[in-house]
Amino acid sequence: MANPFAKSRKTGNPYAIYRAGDMVWQVLKTYKQPKNEAGDIYARWMVAAKSSATFGSYEMGDTYASEVRNYGRLVAAEPEWLDHYASGVSVPTPQEYLADA
């Protein structure tokens with residue numbers, strides 16, 4: 001099975017959005033299959049991140065998936081993301097979440 005999140009997306013059309021206070025991560029790409037990330041503390045995601053430290057603008061780059069999952073709270077995700085990372089959780093899609101923001 002191929003990685004369902006390997007294709008890069010643009011900011012504003014992420015696979016998932018996580019928040020921690022004023023910190024926001026939009027997940028734009030993953031480098032490994034979700035099942036292979038579980039045992040890898042160095043698994044990376046490409047994200048667009050913003051906070052007060054970025055003066056409200058997004059900065060893109062790679063970050064450890066474990067940091068986003070440990071510190072952030074999932075606030076929006078594509079249904080396929082929920083199947084792999086948050087089974088049983090109900091959140092809006094990123095498009096619905098961003099339209100309300």
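Taking Leu98, is it touching a strand residue (DSSP E or B) at 6+ places or on another chain (Cβ under 6 Å), open to solvent by less than 80 Å² (accessible area, probe 1.4 Å) and either among the polar types (S, T, N, Q) or in contact (Cβ under 8 Å) with a residue 24 or more places away in the chain (or both)?
On the way: touching a strand residue (DSSP E or B) at 6+ places or on another chain (Cβ under 6 Å): no; open to solvent by less than 80 Å² (accessible area, probe 1.4 Å): yes; either among the polar types (S, T, N, Q) or in contact (Cβ under 8 Å) with a residue 24 or more places away in the chain (or both): yes.
Spelling it out, it is not the case that Leu98 is touching a strand residue (DSSP E or B) at 6+ places or on another chain (Cβ under 6 Å), open to solvent by less than 80 Å² (accessible area, probe 1.4 Å) and either among the polar types (S, T, N, Q) or in contact (Cβ under 8 Å) with a residue 24 or more places away in the chain (or both).
Does Lys29 fit the bill of being open to solvent by 80 Å² or more (accessible area, probe 1.4 Å) and of a type outside the set (Phe, Trp, Tyr)? Step through it out loud before you land on a result.
Values: open to solvent by 80 Å² or more (accessible area, probe 1.4 Å): no; of a type outside the set (Phe, Trp, Tyr): yes.
No: the conditions fail for Lys29.
Working carefully through the options Ser66, Ser8, find the one that is touching a residue at least 24 places away in the same chain (Cβ under 8 Å) and open to solvent by 50 Å² or more (accessible area, probe 1.4 Å).
Sole residue among the options that is touching a residue at least 24 places away in the same chain (Cβ under 8 Å) and open to solvent by 50 Å² or more (accessible area, probe 1.4 Å): Ser8.
Based on what the data block shows, is Ala53 of a type in the set (Gly, Ala, Ser) and surrounded by 13 or more Cβ atoms within 10 Å (Cβ to Cβ)?
No: the conditions fail for Ala53.
Does any residue of segment 35-43 turn out to be open to solvent by 80 Å² or more (accessible area, probe 1.4 Å), at pLDDT below 95 and in contact with a Ser or Thr (Cβ under 6 Å, 6 or more places away or on another chain)?
yes
Given the structure, is Ser90 out of contact with any strand residue (DSSP E or B) (no Cβ under 8 Å at 6 or more places or on another chain) and open to solvent by 80 Å² or more (accessible area, probe 1.4 Å)?
Details: out of contact with any strand residue (DSSP E or B) (no Cβ under 8 Å at 6 or more places or on another chain): yes; open to solvent by 80 Å² or more (accessible area, probe 1.4 Å): yes.
Spelling it out, Ser90 is indeed out of contact with any strand residue (DSSP E or B) (no Cβ under 8 Å at 6 or more places or on another chain) and open to solvent by 80 Å² or more (accessible area, probe 1.4 Å).
Taking the stated definitions as given, is Trp81 assigned to a strand (DSSP E or B) and within 14 Å of Ile17 (Cα to Cα)?
no
Taking the stated definitions as given, is Ala2 in a loop (DSSP other than H, G, I, E, B), at pLDDT below 95 and loosely packed, with under 12 Cβ neighbours inside 10 Å?
Yes: the conditions hold for Ala2.
Going by the conditions given, is Val27 modelled with pLDDT of 95 or more, touching a strand residue (DSSP E or B) at 6+ places or on another chain (Cβ under 9 Å) and of a type in the set (A, V, I, L, M)? First the steps, then the outcome.
Details: modelled with pLDDT of 95 or more: yes; touching a strand residue (DSSP E or B) at 6+ places or on another chain (Cβ under 9 Å): yes; of a type in the set (A, V, I, L, M): yes.
It is true that Val27 is modelled with pLDDT of 95 or more, touching a strand residue (DSSP E or B) at 6+ places or on another chain (Cβ under 9 Å) and of a type in the set (A, V, I, L, M).
If I ask for residues that are in contact (Cβ under 8 Å) with a residue 40 or more places away in the chain, closer than 15 Å to His84 by Cα and assigned to a strand (DSSP E or B), which ones from segment 19-54 would you list?
Of everything in segment 19-54, just one residue is in contact (Cβ under 8 Å) with a residue 40 or more places away in the chain, closer than 15 Å to His84 by Cα and assigned to a strand (DSSP E or B), namely Val27.
The values are calculated or read from the model by the stated rules, or taken from the named source; none is laboratory data. Here the structure is a predicted model, which means the values were calculated and not measured. Positions of Cβ are backbone-derived with ideal geometry, glycine not excepted, and every protein chain shown enters the neighbour counts. Quick note on the areas: whole protein, heavy atoms, side chains included, nothing else; ligands and nucleic acids left out. Shrake-Rupley method; radii C 1.70, N 1.55, O 1.52, S 1.80 Å.
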